[in-house]
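Where a number appears in this text, it was derived from the coordinates with a stated rule and is not lab data. Everything numeric in this text was worked out from a predicted model, so none of it was measured. So basically every Cβ, Gly included, is an ideal-geometry build from the backbone, and we count neighbours across all protein chains shown.
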Amino acid sequence: MYVRRRSTRTTVIIAAVAATVLVGLATLVLFTNWKFDRELATPPAPSAKPVAPVQLTAKQLAALPRSTTWTTIRKAQRDPQPFAANDGLVVHPQAAKVVYADPGGAPIAVVPATQLDAPTWLPVVEARPDWMRVLLPSRPNGSTGWIHTGDGKTKQTRSPYQVRIDLSSRRLTVLKDGQETGSWPVGIGTKETPTPVGRTFLLASLSPSGVDYSPVILPLGAHSEKLQTFEGGPGTIGLHGWPDKSIFGQAVSHGCVRLPKDGLDAVSHLPLGTLIIISE
């Protein structure tokens with residue numbers, strides 16, 4: 001009996017010690033896992049240090065394609081949010097600017113300071129220290145690129161306006177600070193030559209001689225997906241008037257958007273670079 005009691009007592013003590021050790025180990029594992037999870041759940045703060053652009057030789061610079069309404073920039077990244085609004089920020093390169101695939105990444109093009117005899121104003125869709133991602137006026141539609149703005153050679157401003165074109169309802173609506181200021185029925189592209197969808201922008205304002213259907217033509221930073229050229233041009237989509245009122249609300253054009261007179265008057269006074277969102 002004595003030996004059995006002693007054995008039982010020893011067993012209890014050993015069991016208690018083992019339990020204490022297990023609890024301690026479990027606590028250590030839990031703490032370690034909790035700390036590890038916390039580290040995973042809290043990503044490191046991004047560096048605030050601006051990234052410097054890649055320096056190019058004169059030969060490398062000359063070899064880059066120009067980003068204009070006439071060109072195609074094959075290495076341009078597509079717009080990541082083709083139907084999202086922006087905050088109205090637009091930029092104007094005061095001299096030709098190199099366009100990069102990413103901040104500090106490979107150069108893909110050069111955007112000139114003017115487009116169609118007008119200053120180049122581009123909407124900003126993303127920003128990082130000393131860098132801005134802009135919509136480009138080139139093919140393919142929805143092309144974007146990064147320009148370095150840390151050299152002080154880029155003007156910045158904000159357009160309070162935004163234009164929305166709904167192809168389903170065939171209406172164009174102008175917004176100012178998010179509030180509608182006007183809406184009009186419009187003529188859009190046919191099924192064979194549809195108006196392209198996505199984010200684009202007001203590229204220039206033209207008053208060409210010999211055009212009797214509209215006093216003003218407003219080229220956008222978008223192109224027909226079906227026509228590579230049109231009447232000698234690069235197939236650029238534009239906003240313009242039309243004398244026959246019966247076409248408004250109809251799918252009748254080669255891809256351009258035809259507006260009634262008061263709608264054209266309103267849009268023609270918007271700042272260059274103003275964001276335009278075309279949706280189905």
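Spin-label point model (7 Å from Cα, Cβ direction): what's the Q55 to Q228 distance in nm?
Distance between the two pseudo-spin positions: 4.0 nm.
Please give the contour-minus-distance gain from A106 to E280: 0.36 nm per residue of separation, less the Cα-Cα distance, rounded to one decimal in nm.
Contour length minus the Cα-Cα distance gives 59.2 nm.
Which order do V211, V99, V252 fall in if you start with the one that has the fewest other Cβ atoms within 10 Å?
V211, V252, V99
So which lysines pass the test for K97, namely a Cα distance under 24 Å, with those fewer than 8 places away in the same chain ruled out?
Hits, sequence-local ones excluded: K49, K59, K75, K153, K155.
What is the fewest-to-most order of H269, H240, H254 by other Cβ atoms lying within 10 Å of their Cβ?
Details: H269 10, H240 22, H254 17.
Ordered by Cβ neighbours within 10 Å, fewest first: H269, H254, H240.
Go ahead and run the numbers for FRET between S246 and K75, Cβ-Cβ distance against an R0 of 45 Å, rounding to 0.05. Kindly include the intermediate steps, with their values, before the conclusion.
Working: r = 44 Å, r/R0 = 0.99.
Between S246 and K75 the formula returns 0.50.
For K261, list the aspartates and glutamates whose Cα falls under 13 Å from its own Cα; do not include residues on the same chain fewer than 8 positions away.
Leaving aside aspartates and glutamates fewer than 8 places away in the same chain, those within reach of K261 are D244.
About its Cα centre, what dipole magnitude does region 161-279 give when the only charges are +1 on Lys and Arg Cβ and -1 on Asp and Glu Cβ, stated in debye to the nearest 20?
Charge dipole of region 161-279: 200 debye, to the nearest 20.
Taking every alpha carbon pair in region 58-158, what does the distance histogram look like in 5 angstrom bins from 0, in percent?
Pairs per bin, as whole percents: 2, 14, 26, 28, 21, 7, 1, 0.
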